[in-house]
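Written below as structure tokens is the structure these notes are about.
The values are calculated or read from the model by the stated rules, or taken from the named source; none is laboratory data. Predicted, not measured: the structure shown is a model, and the values here were computed from it. Positions of Cβ are backbone-derived with ideal geometry, glycine not excepted, and every protein chain shown enters the neighbour counts. The accessibility values were calculated without ligands, DNA or RNA, using every heavy atom of the protein model including side chains. Shrake-Rupley method; radii C 1.70, N 1.55, O 1.52, S 1.80 Å.
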Amino acid sequence: MSTITTETEVFSYAALEQTWPEFEAKILAFLDQLGLADKALHCDHVALRVNSIAAADALKQAFGARGRIISDNQINGRTILIIELDKPLILGSFNIDCVELPYPGDTLYPQEGWEHIELVLPSNAHDCDGLSQELAQLSPSLVPLLQGQAASLTEAPIKVKFSSPKGDKERLANPTIAFKQADVCIKIHPHSIKAVIASEQA
């Protein structure tokens, strides 16, 4: 049998399953490094990154057979699908029941596949400053990072990004703080993806 695969075959659901254990191990190690592993936060979804419409279409079909699309929205000029799974993905102690599948935009990602998880820190914060203050209270060890200081004694620098992504119909402010190290990223926001989708339909 030929070992040559097409782009869509590379990003089949089976291929993603094969890379899940490595992604899980990296995420759990990063959570521990950030001091968030024991904070009992809820992981509301996991996100993919792809560089071609063909790959996005293939994954849309594969995940669609294992769940249902609960949001098809335009965010920052590109389509982003949220798929609610019939059977949640297990990552450590997290049961993740939604997958975020963005269609490609202008950015060319160096690595396609699993990209980040998003955690919910229940909060009424309307901006990143407010969310940052609450996150600092939850995990004081993050204060230097949140204040823009480099993390010490780490294998690779940790980058922190503050953003407020917003869908075209979104009515619920959901500021986001992202921690990225090498090819692993963990994002934190105050409202779950399902609450945000509900705000769009209100």
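List the residue pairs whose Cβ atoms are under 7 Å apart, where the first residue sits in the range 121-144 and is in contact (Cβ under 8 Å) with a residue 60 or more places away in the chain and more than 14 Å from Ala173 (Cα to Cα), the second is assigned to a loop (DSSP other than H, G, I, E, B) and of a type outside the set (A, V, I, L, M, F, W, C), and the two are 6 or more positions apart or on different chains.
Leu138/Lys39; Ser139/Gly35; Ser139/Lys39; Ser141/Gly35; Leu142/Gly35
Considering every residue within the range 49-64, establish whether at least one is within 19 Å of Ile186 (Cα to Cα) and crowded, with 17+ Cβ neighbours inside 10 Å.
Scanning the range 49-64, I find at least one residue that is within 19 Å of Ile186 (Cα to Cα) and crowded, with 17+ Cβ neighbours inside 10 Å, so the answer is yes.
Within the range 96-111, which residues are open to solvent by less than 10 Å² (accessible area, probe 1.4 Å) and farther than 22 Å from Gln74 by Cβ?
The one that is open to solvent by less than 10 Å² (accessible area, probe 1.4 Å) and farther than 22 Å from Gln74 by Cβ: Ile96.
How many of the residues making up the range 112-138 are under 14 Å from Ala178 (Cβ atoms) and either in a helix (DSSP H, G or I) or open to solvent by 20 Å² or more (accessible area, probe 1.4 Å) (or both)?
Number satisfying all stated conditions: 5.
Could you please tell me which pairs satisfy a Cβ distance under 7 Å, a separation of 6+ or placement on different chains, a first residue in the range 71-88 that is touching a residue at least 40 places away in the same chain (Cβ under 8 Å) and surrounded by 14 or more Cβ atoms within 10 Å (Cβ to Cβ), and a second residue that is hydroxyl-bearing (Ser, Thr, Tyr) and in a strand (DSSP E or B)?
That search, which allows pairs on different chains as well, returns Ile82/Ser71.
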